[in-house]
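The values are calculated or read from the model by the stated rules, or taken from the named source; none is laboratory data. All values derive from a computational prediction rather than experimental measurement. Positions of Cβ are generated from backbone atoms using ideal geometry, with glycine treated the same way; all protein chains shown enter the neighbour counts.
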Amino acid sequence: MSEGDSSDPEVQESEAAREESRRKARLDAIFGTALPDDSSGRDKGHDDKWFLENRPPHH
């Protein structure tokens, strides 16, 4: 196999990783990166009762 052989699984994985990186960069350029990867509020010390009492009226 040659170094540029696209049937090589490692080459396919790196191409997929590059494409995913490009996709994420395009989305970030359009929508920004204001939201964290993990937007869970559970780490703020609130329990389920607090979330139920403070949920928006449309839920």
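List, please: which pairs have Cβ atoms under 8 Å, are six or more places apart or on different chains, and start with a residue in the range 6-18 that is free of Cβ contacts under 8 Å to residues at least 24 places away in the same chain and exposed (fewer than 10 other Cβ atoms within 10 Å of the Cβ) and end with one that is of a type in the set (A, V, I, L, M, F, W, C) and in a loop (DSSP other than H, G, I, E, B)?
Note: pairs meeting the criteria are S7/M1.
Residues checked against (1) modelled with pLDDT of 90 or more; (2) within 13 Å of the chain's Cα centre (by Cα):
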| site | (1), (2) |
| --- | --- |
| D8 | no, no |
| E13 | no, no |
| S21 | yes, yes |
| L27 | no, yes |
| L35 | no, yes |
| D43 | no, no |
| D48 | no, no |
| L52 | no, no |
